[in-house]
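Okay, structure first, notes after.
What follows is calculated from the coordinates using simple rules that are stated; it is not laboratory data. Model, not experiment: these values are computed from the prediction. Neighbour counts run over all protein chains shown; Cβ positions are idealised from the backbone, glycine included.
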Amino acid sequence: MINRPISPILAQTLRINQIPPQMPVKQAAREIEVPNRIIYSPLLKDMILAQSGHILKEKKIVSISKTAPQGLEGYKNNLKSMFLNNEAQILGVIIRTMNAQDTDGNELIQGDEKSGNLINAIDRLDEIKNTGFNTLHILPIHPTGKTNAMGTAGSIYSPLDFLKIDPEIVDENPPEKYRKRIEEIYFELTGKKLTKMDKNDPDVAKAQCKLFIEECHKRNIKAMLDLPSCGSVDFAKNHPEMMAVDAKGKEKVPQGWQDIRMLKPFKNEKTRELNEPVLDLHKKYVDMCVELGFDGIRADVGRAKPVEFWNVIINYSHAKDPQFAWLAETYTHEDASPQLNMPYDRPQELLEVGFDSYYGQYHIFNEWTKANQLYDYVKENINMNNAIGKPKSLIGSFATHDDSSPMLYGGAPWVMFTSILQSMLPQINPYMIDGTQTGDFYMYPYDHAIVRDTETDNHECTVHTGRIDIFNKSRKPGGKFPEIENVIKTAFSLRDNKYNETNKNSNVKLNMQNAKDVITKGSFIVLPSNNPEIISFARHKDGKTLLFIGNRNVNRPVGGKITIPGLKAEQKFNNLMPKYGEECKFQNNKDGSVTVELGTSRACIFEIDDAEIEKLSNPKNVMQQKYLN
Amino acid sequence: MTLIVSPLLKNQINNNGRGKKANHEKVYEDLKKHANDVKPNEAKAKLVKENPIQQTISAVKDNYKDGKNFFTAVKTGKMNDNSLGRINDLGMKAGALLIASFLAAHAKTKTEAIMQFIGGTTFFASMALWPKLFINLPARIVHGFPIDEKYISAQGDKKDLYLDNQFIPTGIHSEKQKRREMKRMGINPDEPNAEEKWLEIRRKTALQNRTLWMATAGFATPLMTALVGNYVQPKVENAVIEHGFKKANEILSNDDTLNAYFAKQQDLSNAKALEKLLAGYKDRQLDDNFYKELADVLEVGDFSERMKDVDDWKSLNKLKSDDVIKALKTVKEQKSTVDITDLRRILNNIEIPTAGGFFNQAGSSKLPQETVEQIINNLGENGTLEKLRSVLKNYLSEGQENDIIASVKTNDENFFEAIRTYNKDVLSKIKGRIKAYLDLLNPIAGSKAESVYTRHYSNMMDKIAKTLGITKYKDLKKIKAKGGNKKAQEIMQKQILALIEKEDKDYIDGFNKFVEITQSRLQDRDINKLRAALKDTFGENFPLLKNEGELENFIYNIKPAANDSTKLLPENKTWLMQIFEDFSINDSSAPKRASINLFNFEGISGVQKEAADKLAQEEILGKIFKINSSNGVDQLLTDELMGGSFKNSHIYNFLSRFIKNKNTDIDYSRAKAMICANFELRAKQGLFDAFTKEEIEAMRNFLYNGTISDALNNLGMSNKDIGQNIRDAVFDPSVFKSEGKAIPEINSIIGSIKNLAHKTGDFTEITLQANSLADQLKNYATRLYNNKTWMRIFAPMAIALVAVTLVVQPFFGNIKNEFPEEEKSGGNK
């Protein structure tokens, strides 16, 4: 057994389980002393609050309705509320690979091998639900353009037709148990009887899609469809009236994506008159989504359309389904885009115009080598939320389909670390891309290989190395680290108020009744430490407190001292999360601080009895997302 | 953003739940109508609009901010990319400052040191000005918009708008500005894609101009820096001279300020070497080598061989080397204490002569133990060698004590300490004082650089060259080449003659007329006819007519040999050329020959010489060079041209020759400076009040520039007694007392000057050495040639660069106008 972490790739190659045996945590046996508490005078606190702009929780609640649990019978969409209340736990999936059957092990689906489709994807829903996800971000499912294509199946973000479903994800021989329902749905959609399960019949595809969503809803999983931002080259050829051109009259190509063309949202940018064909297309897209039962839309490159555009489309969707959710792929305020032919990025105005949640910057978390950088970003978003005057959230975009596998940065321990972290951060709906939950490196052996059989004009298996394959029919995502899934499951169970139920075998029991509220609505309190690599914060609500303490260093253990205002001398530190990697040690110094030794990439969550933590903390360290219900 | 949809519409939306058969199409149509009820948020980035003053203030602030960011980054490790990039600029500036500081520390002159910093600053200023003047400004004029706009990003960083061609913020310009620029670009502001075109033309123009900037900056910046540096350097040098002169004058103004200034001076640069030497001889017997080395380290003993009196400790610096060693040995005897054990050993072994008696022959015997103990008792504890010597004299035969003194072991700590104290308390102050004195005097009379003295000569050469028109590149090239001083002489002759012919034809004609009249009238010796003829021709103010007796003297002094009038004026050109040839060559006897050629050619008497002197030299050359005798600089020019090279040599040259002849190693430049400064000090103190203003001026001219006789002549004073008085006053040995302390050889020099003067009766004979005008012109021409060569190489480059930047502007920013004005139709919907 290896106690120190080794290279994740090497570990995978050697099939080494990186989890060392867990050592019992030594507790200090010192006498109880009176903690050295810092109590701020009300006057001082008000002054600091006024200056810092951090606002403690207010009683006055503005906006939204409480998210109620939903069942299939009389199903009612509540994804928008879930997003706004930070309750969505999202898995990004690609239908054509989601449950692909790669029998020859070359990781490319060829010949008789069965690629992922809308029917076999259903088989993975129980597993997904069991892990704790309650929302699927379904990456684009439309037929792909075949000209100038990237990859042998075409990029899923290069739609040939926005209003159709890719026949390649239709199962022409669905299991009997689903066939009847497909026929029923087909009839509902067309008024005709289904005679042949023809993948090229668009209504068959729609029927299968609707079935898949029904199956999601049966398991109380919400489904959100990814709306591509651009059209394929073939689409552009067919719809020149919708396409943007540059000052020289050439179609605009977003830099790095030669297979797609930008849409033209304005008829006249000067007068900001919208381009109706594009608007109508998106209106029909919303119609299609609602008809098929989708609960929301993830808008690819939200910045690609202006606020006037989204004002129409989002409000239109709410006319059809008030709980229809909108997630914007938008990152951070940029005065301009570094990507050629792409407009500036302004998350705040997209949120203000109706998007419920956005991507944010957590995908660069691995570049934040100091805890303060994380705290600053949390603060920035809470401030934005409070400035908008409505609840708005982010997804935990630590790794999306546009990012390299987090396994490449720090291996399974790092993925477990970020999983626990994002499950505890405020204003966050945890998000993962399929495969992350078991540690997929997204390293495909056919990377850039030339193959004979292709569905496009390209014989090269284009892959963005280290990222999930969106260009080819590839294997089902997944890795060899099931322990990650276990960690996610445990972290999500805390958010779902199912901790004790889910972790029956654990020695550690959770005493608080509503950890979910603490995590999704509680205040965020930074706990100062003397080591910038230690991330330490508390979540607090109604006198209940959860602590997060973690080491963001992927190379070595770190130690330090953390100040916890109001920490009781008799407080024990029992980690609620599964143990992995090197051992962590905690010693209550009985002076309002704890000395810690944290293993590489270790993250721990503790329940502590510290009702006063919020009051005793420096107001500058206390942040509260307002307007939550 | 405030309004999303109208309340009515909102209500309608809210009432339409999923699955209800609502009229969604109508909702959609309403929403489309109200699409523009929302507007995008205003850009967080803001365009920076500043006038040049604000820009300057901002630049200072930005540099301060960069420095602050740097220290924050060092402290916290936090810094964004933009700040990091700007640190590069700051680093360049800091690096330039460091390099300039290093070079300044090693600079030979203050001007050079200051120019290191000015050069650095100018480099960065040029870097900033080049694009502003030759790229951004023409671009703005040609294209109608600024390509050097800056903006404050959403993160608060100030950046160039077109810093990154692929990251150009939009939405930060006013509609008014956009419309104005679009019209200038020929874009209809109301056409659908007007903004797209406007942005693209701006982007392309900026990109092309920034590329041009990058391509040209490498040449332009150093060129501009050098041009500015060349322009500024003389002004800096002048300021340095003025500052130094003013400061020195203030300190020299009275004894109090001078003494206060000296009190601060100390030169202990030899302290380390002294300690090293003493450490090397600790617990060792001091040998002759030690004393030699010690004398070297102390830098005493080589000042003067004339000062032989050893008065006391403080007079060591007046000793010659051998005396120094002797004196040091004496000091050792006074300070070092005797090792008693060693002394007892020596005394016990010493053989003392015994006198022969009746029974005994004369011989030697050991010193009785009793005597040994008596000597030791008399010496006492910690007895010095000096005391030992006196004690031994009572017991030993004469001279025997020297061996014991030389061989007995001693403790030299007290001696070493005495040396240290002497070096620190006496020598360092003397040397410091010399150095300080020179520092003080250099701005006035320093001969190497940055003094009023050198500035006068530099200005004079400039004036001569310009007057003679020796500024043509091809002439300079010839003069600069090997043997160029001969060429300088030729060119000079040619130019002078040309000038004479061109500008003073009337005078030459007049002069010829004078000669003609004189010749014709001298033959009949009728002075009245001559006077009348001269008066008719030149008027009554003609010099020979002004004073009574002048004309008579003129005739009286004409030698009989002058009867051969045919040789009076062979050819104007010939003799003038001969004159200039003679005093242009570097030959100490040349001036004399020139005088002979000019004034003593056959048939011309002493009177003619006087006339020729007055007319030919002063008036002709005076007119040519526009000399105003009341002007100090021009006076120097007069001296140099009219006789400086053969009559008016300088005290400096004399001193250098004199001292060299005496085979001393004295730094004569010090002596010159000190003599001049001593004079200025006394003049300020009013010690020359007994003399007239003219006499004082004569003293000054004599000291700084020439001989006593010329100084007097220039002022129209020929009385030998006055000259003698002036000379005595200037070189009165008693007033050089303090200078003598600092640099003793001055006394010797002063004495020698006086003796020599008495011997020769005049200084003329001993001051004939100077650089020839041709040599000086050659040096000057070499400098000018180098400057011009540089300009000939780089000026066309600079012109070409500027031309390129201007010529290419109209070709920038063009885009093919392929933009579809109408929507394309068709397509498969």
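Numbers at a glance
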read-out	value
Likely footprinting exposure, A:F187, B:F123, fewest C-beta neighbours within 10 Å first	A:F187, B:F123
FRET efficiency estimate (nearest 0.05) - Cβ-Cβ, B:A263 to B:D732, R0 30 angstrom	0.70
Neighbour-count ranking [beta-carbon atoms within 10 angstrom, fewest first] of B:D475, A:D542, B:D267	A:D542, B:D267, B:D475
Whole-angstrom Cα spans of the range B:46-252 along principal axes, big to small	81, 44, 30
Scattering curve values for the range A:412-453, log₁₀ I(q)/I(0), Debye with Cα scatterers, q = 0.20 Å⁻¹	-0.70
Pairs beyond 19 Å (Cα-Cα), from B:K329/B:K387; A:K210/A:K320; B:K39/B:K159; A:K252/B:K39; A:K199/A:K476; A:K164/A:K283	B:K39/B:K159; A:K252/B:K39; A:K199/A:K476
Cβ-based exposure ranking for A:S593, A:S397, in which fewest neighbours within 10 Å come first	A:S593, A:S397
Where labels lie 7 Å past Cα in the beta-carbon direction, separation of A:M443 and A:K561 in nm	4.3 nm
Net length gained if the chain between B:K535 and B:I799 were fully extended (0.36 nm per residue, minus Cα distance)	89.0 nm
Partner chain coverage, peptide A:305-317 - average Cβ within 10 angstrom	6
B:S365 paired with B:D403, simple spin-label distance in nm, labels 7 Å along Cα-to-beta-carbon	1.8 nm
Packing-based order for B:684-695, A:127-138, using average beta carbon neighbours within 10 Å, highest first	A:127-138, B:684-695
All-pairs alpha carbon distance profile, chain A, 20 Å steps from 0, percent	19, 52, 26, 3
Amide H within-cut-off set for A:T545, under 5 Å, with H built and near neighbours excluded	A:I608, A:D610
Length added when fully stretched, B:A94-B:T330, from 0.36 nm per residue minus Cα-Cα	79.3 nm
Viscosity 1.002 mPa s, temperature 20 °C, Stokes-Einstein D of the range A:389-544 from Kirkwood C-alpha radius, µm²/s	120 µm²/s
Spin-label pair B:E275/B:D256, simplified geometry with 7 Å Cα→Cβ offset, distance in nm	3.9 nm
Computed lengthening from B:K26 to B:K474, 0.36 nm per intervening residue step minus Cα-Cα distance	152.1 nm
At least 18 Å along the helix axis (C-alpha) and Kyte average at least -0.5, DSSP helices within chain A	A:202-218, A:276-292, A:307-320, A:406-424, A:482-495
Euclidean distance between Cα centres, the range B:53-108 to the range A:186-225, Å	65 Å
